[in-house]
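The values are calculated or read from the model by the stated rules, or taken from the named source; none is laboratory data. Computed from a predicted structure; not experimentally measured. Reconstructed Cβ throughout: ideal geometry from the backbone, glycine too, with neighbour counts over all protein chains shown.
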Amino acid sequence: VTGRLPLTLAAAVAALLGGAANAAVIRVPQDRPTIQTGIKAARDGDTVLVAPGTYVESINFHFKDIAVVSARGSERTTIRAGRRVGPVVDVRARRDQTPVLRGFTIENGRTHGGVFVFRGPARIEDNVIRRNHTCDGAAGITVEDASPVIRGNLIEENTSCEANGFGGGIRVGSSFTGSPVIVGNVIARNVTRHGAGIFLNDAGTPTISRNVIAGNHATSDGGGMWIVNTSDALIENNIIVGNTAPIGGGIWWLVPQGHRGPFLVNNTLAFNEAQQGSALMAGGFQPAARIVNNVIVGSGAAAVVECSDEGGLPLVRFNDVLNVGGGPEYGGDCPDLTGVDGNISADPRFVDPADGDFHLRSGSPAVDAATRDDAPRRDVDGDPRPLDGDGDGEPEVDMGADELEP
Ligand SMILES: [Ca+2]
Ligand SMILES: [Ca+2]
Ligand SMILES: [Ca+2]
C-alpha cells in the first residue's frame, strides 16, 4: 500500500494541474459577442469574464460548471432581460457542480424574476437584483432543490403577481435536505403576497445571517420573512426593520408537527408593522423553536410578538421586547414574558434608527444582558461576542444583532 500511495498522489496532482491548465477565460465581448454565446463556448471549469456594459439578453448556464463574472462589478455591468420567457439568469446545475454568478446588475425580468438557482451548489455573490417581476416563483432569486451561497447581493424593488405571490426577494423551496446560506445581503422594498423579503418553504436547514431586510411589503403575511414546512432556519445577526404586512410584519412562521422550526437568535427587529404580530407571528407546533437574545421593538395597537399555540410554544429567553405604541408586547397565546427568563422591555437606545443605524448606545439596557447559549461568536459587524460593554470587567452577550464595542 505504501508503495502505491505516491503514484496515486502524483496522479491526483497531475489531474489537478491539468484541470487548472485547461481552464479557459472567455472574454465577452472580445472573444464572444454576448454572455450566452460565451457560455456556449465554455467548458466545465472555465470562466466567462464580462466587460462593462449593458447586455440585453437572458442567460442560462445549461448545466455547465462555470463562473460567469463581471470584470468591473455590478455598477458597470448589467444584464437586462431580453424578450425570452424565463428568468433573466438561469443558474441550472447538476448536483455537486459549483457554478458562480458574480458582479452583475440583473434587472427587468418580466415573467420569471431575476435569478433561478437549481441544484449545484451555486455561489450568487455581489450582484444587484433589481426591479424584476414574476407570476411564478420569487421575483428576485428562486432557489429550487439547492444549497447555494447567496452573499453580498442587493435585492430590491422586485415585485410579483398578487394572485401567485410567493416570495419577493428570495424564495427557497424543495430543498428538504439542503443547507442554503443567505449572508450579508440587503433585501429591501420587495413586494409580494407571502414573504416579501425571504420566503422559505421546505428550505431544509438554511442559515440566514447578517442581512438587512428592510421595507419589504407583503399583502397577506410575512413582510420580512415567511417560513413554513421543513424549514429549520438559523436566523442570526440580521437587521429586520420597516417591513409591513397584515399579519407578521417582520416574520411570519408556521412550524409543522414533527419539525424543529426556526432559531431566531441575536437579531434586531424594529418598526415593522402589522395588524397582528407587528414584529413576529409565530405559529404551529413549536416547542423546539427558539427566540433568544433579540431586540424586538414595535409600535402600534398590535402585539409585537404574537403566538398561536397549535402544539407547544417556542422558547423565549433574553429578549428585549418593547411596544412604543399603545399595544402590548406579547399577544395571542404568548403570555407576557417581560421579567421572565431574562426577557426585558426597555428602550434599547439605538444610535440613529431614523438614519438606519441600529447599533446600541453605551448604557443601553440590552448591553451585557443576554445569554451565551446559542449566541453567534461574532456580531453583525464582525465584532467578537461577548465583549464587556458595561465596564464591570465581565464580558457578556448583548441582545440584538450588535455587540457594543466599548
Ligand atoms: Ca456585551
Ligand atoms: Ca459586563
Ligand atoms: Ca458591534
Practice problem: Being away from ligand 3 (no atom under 16 Å from the Cβ), of a type outside the set (Lys, Arg) and touching a residue at least 40 places away in the same chain (Cβ under 8 Å) narrows it down to one of 328, 314, 348, so name that one. | Solution: 314
Practice problem: Sort through 381, 368 and tell me the only one that's within 16 Å of ligand 2 (Cβ to nearest atom), among the acidic types (Asp, Glu) and free of Cβ contacts under 8 Å to residues at least 40 places away in the same chain. | Solution: 368
Practice problem: Please find, within segment 96-112, the residue that is surrounded by the fewest Cβ atoms within 10 Å (Cβ to Cβ) out of those that are at pLDDT 95 or above and part of a loop (DSSP other than H, G, I, E, B). | Solution: 98
Exercise. Look through 78, 8, 37 and report the one residue that is assigned to a helix (DSSP H, G or I), out of contact with any Phe, Trp or Tyr (no Cβ under 6 Å at 6 or more places or on another chain) and at pLDDT 95 or above.
Key: 37
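I want to confirm something. Restricting to segment 367-398 and keeping residues that are among the hydrophobic types (A, V, I, L, M, F, W, C), part of a loop (DSSP other than H, G, I, E, B) and near ligand 1 (Cβ under 9 Å from one of its atoms), which single residue is nearest to residue 152 (Cα to Cα)?
At the first step, the residues of segment 367-398 found to be among the hydrophobic types (A, V, I, L, M, F, W, C) are 367, 369-370, 375, 380, 387, 397.
Now drop any that are not part of a loop (DSSP other than H, G, I, E, B), which leaves 367, 369-370, 375, 380, 397.
From what's left, near ligand 1 (Cβ under 9 Å from one of its atoms): 367, 369-370, 397.
Details: 367: 28, 369: 30, 370: 28, 397: 26 Å.
Ranking the candidates gives 397 first.
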Quiz prompt | Only listed residue being within 16 Å of the chain's Cα centre (by Cα) and surrounded by 22 or more Cβ atoms within 10 Å (Cβ to Cβ), chosen from 132, 127 | solution = 127
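So, in segment 387-403, exactly how many residues are out of contact with any Ser or Thr (no Cβ under 8 Å at 6 or more places or on another chain) and more than 10 Å from ligand 2 (Cβ to nearest atom)?
Quick first cut of segment 387-403, residues out of contact with any Ser or Thr (no Cβ under 8 Å at 6 or more places or on another chain) only: 387-388, 390-396, 399, 403.
Then drop every residue that is not more than 10 Å from ligand 2 (Cβ to nearest atom), which leaves 399, 403.
Selection size over segment 387-403: 2.
Does residue 337 satisfy the condition of being within 20 Å of residue 234 (Cα to Cα), in a loop (DSSP other than H, G, I, E, B), free of Cβ contacts under 8 Å to residues at least 60 places away in the same chain and more than 12 Å from ligand 1 (Cβ to nearest atom)?
On the way: within 20 Å of residue 234 (Cα to Cα): no; in a loop (DSSP other than H, G, I, E, B): yes; free of Cβ contacts under 8 Å to residues at least 60 places away in the same chain: yes; more than 12 Å from ligand 1 (Cβ to nearest atom): yes.
Here the answer is no, as residue 337 does not meet what is asked.
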